[in-house]
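Worksheet for the structure shown next.
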Amino acid sequence: MNLKDFIRSIPDYPKKGILFRDITTLIKDENAFSETINQIVERSKKFEFSKIAAIESRGFVFASAVSYILKKPFVMLRKKNKLPADVHSVDFELEYGKATIEVHKDSISEKDSVLIIDDLIATGGTAEAAAKLIEVSKGNVAAFIFVINLFDLNGSDNLTNKGYKVENLIEFPGH
């Protein structure tokens with residue numbers, strides 16, 4: 001099964017010049033979704049980790065299923081002001097704006113090695129902010145696994161160049 005066949009491309013979304021890669025067409029197909037989860041689980045076996053984290057919101061779809069299968073705790077990295085208890089925060093730039101992600105202070109400790117799962121990597125700004133959030137929480141980033149890598153936007157390469165381990169299931173150009 002070629003997972004690329006299940007990704008819809010939408011030009012000029014969320015703004016002109018962005019070619020949005022839509023995963024809703026992948027997750028609505030039970031076989032494609034199951035295959036995606038199985039591939040993430042298989043790739044995760046390369047790494048040692050105690051927890052799984054995902055970036056709001058599409059990363060939650062994949063990471064929660066992987067967390068269930070692997071019986072590992074799941075940590076949500078959320079947008080600003082979405083978590084009710086004390087948080088660590090990291091600000092970052094998107095290709096189309098600025099944002100902040102947060103994690104509960106009691107979600108990650110110095111003994112934790114965290115696998116970060118997300119649906120897509122473009123420039124890597126969100127992923128790098130997620131890594132910083134794990135590190136501010138005194139945890140270690142075991143690796144990243146992305147469903148989609150927009151290879152010509154260099155986000156995956158930028159993370160690798162900073163010493164992070166990165167896996168991608170499928171690749172598309174970003175433009």
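The values are calculated or read from the model by the stated rules, or taken from the named source; none is laboratory data. Just so it is clear, the model here is predicted, and its values are computed rather than measured. All Cβ positions, glycine included, derive from the backbone under ideal geometry; neighbour counts span all protein chains shown.
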Practice item. Among the strands (runs of 3 or more DSSP E) lying completely within segment 90-157, list those that include at least 2 residues that are in contact (Cβ under 8 Å) with a residue 60 or more places away in the chain, aromatic (Phe, Trp, Tyr) and exposed (fewer than 15 other Cβ atoms within 10 Å of the Cβ). Key: none
Practice item. Can you run down the residue pairs with Cβ atoms below 7 Å, 6 or more apart or on separate chains, where the first is in segment 6-30 and at pLDDT below 95 and of a type in the set (A, V, I, L, M) and the partner is in a loop (DSSP other than H, G, I, E, B) and surrounded by fewer than 15 Cβ atoms within 10 Å (Cβ to Cβ)? Key: ILE18/ASP12; ILE18/TYR96; LEU19/HIS175
Review point. Residues in segment 49-66: is at least one at pLDDT below 95, of a type in the set (Ser, Thr, Tyr) and closer than 21 Å to ILE108 by Cβ?
Key: yes
Point to revise | Looking only at segment 13-61, and only at residues there that are assigned to a loop (DSSP other than H, G, I, E, B) and among the aliphatic types (A, V, I, L, M), the one that is farthest from the chain's Cα centre (by Cα) | key: ILE18
Review point. Before we move on, is HIS104 over 21 Å from PHE47 (Cα atoms), in contact with a Pro (Cβ under 9 Å, 6 or more places away or on another chain) and not acidic (Asp, Glu)?
Key: yes
Review point. Restricting the search to segment 63-79, which residues are out of contact with any helix residue (DSSP H, G or I) (no Cβ under 6 Å at 6 or more places or on another chain), in a helix (DSSP H, G or I) and buried (at least 19 other Cβ atoms within 10 Å of the Cβ)?
Key: ALA63, SER67
